[in-house]
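The next block holds one structure in the form of structure tokens; read it before the comments.
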């Protein structure tokens with residue numbers, strides 16, 4: 001299949017899983033009482049969406065996929081492969097949300113993957129038609145979240161969005177880069193945003209968060225716990 005040029009999460013996962021066949025392999029149940037037969041990842045995806053294929057076998061495959069989701073992404077390629085197996089059931093909804101709500105495709109894809117993994121975590125060993133339930137739930141959750149976002153007020157006026165007013169100047173801006181811990185799954189995404197220089201210079205990150213109402217009074221860094229991300233700032237000067 002040809003891949004779109006934009007580097008969204010769907011495209012990234014497709015490229016990563018092009019020749020992937022993680023272990024332990026998925027297995028097809030043998031209806032004749034023999035041993036379950038291993039099935040390649042690409043063949044498994046075709047069978048999952050083949051309506052003429054045995055529904056009981058498809059159900060069994062989805063339950064195996066739900067189990068593979070729990071594997072450590074630092075030691076297994078299965079967490080990425082699990083996402084890849086769900087992409088055919090998410091693409092149409094992604095296109096409809098982008099077209100109907102006029103939002104960024106990359107953001108929609110990331111939200112759909114999140115909803116898909118959440119729905120996959122909810123199915124139990126006795127869930128009937130787990131594939132249909134997971135995909136319907138994921139798409140429904142994504143629609144609900146994006147409709148909610150659509151009603152939020154978007155503004156370019158950071159000064160008027162909260163916090164104390166401050167004098168502005170033309171000395172450029174500060175760019176904040178948020179980077180989650182790297183892992184083999186390749187699904188973690190960084191976040192970058194830019195704020196005016198006068199909002200950051202001479203103010204520590206904690207004080208900035210307090211100004212914007214992002215930290216409760218008395219909040220402080222204790223120095224304990226594991227690292228969950230890295231936040232870096234760099235000065236971006238305006239041209240001219």
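Observations
- Filtered residue count, segment 43-58, keeping only those that are without any contact (Cβ under 8 Å) to a residue 60 or more places away in the chain, more than 22 Å from the chain's Cα centre (by Cα) and within 22 Å of residue 92 (Cα to Cα): 9
- Selected residue (only one of 71, 47 is more than 18 Å from residue 132 (Cα to Cα) and in the same structural domain as residue 125 (by TED's automatic domain parsing)): 71
- Sole residue being modelled with pLDDT of 95 or more and over 16 Å from the mean Cα position of the chain (by Cα), chosen from 61, 71: 61
- The single condition among (1) within 17 Å of residue 10 (Cα to Cα); (2) at pLDDT 55 or above that residue 101 does not meet is (1).
- Of the residues making up segment 68-99, those that are over 15 Å from residue 20 (Cβ atoms), assigned to a helix (DSSP H, G or I) and touching a helix residue (DSSP H, G or I) at 6+ places or on another chain (Cβ under 9 Å) are 88, 89, 91, 92, 93, 94, 95, 96, 97, 98.
The values are calculated or read from the model by the stated rules, or taken from the named source; none is laboratory data. Given the structure is predicted, the values throughout are model-derived calculations rather than measurements. A quick note on method: Cβ atoms are made from the backbone with ideal geometry, for glycine too, and the neighbour counts reach across all protein chains shown.
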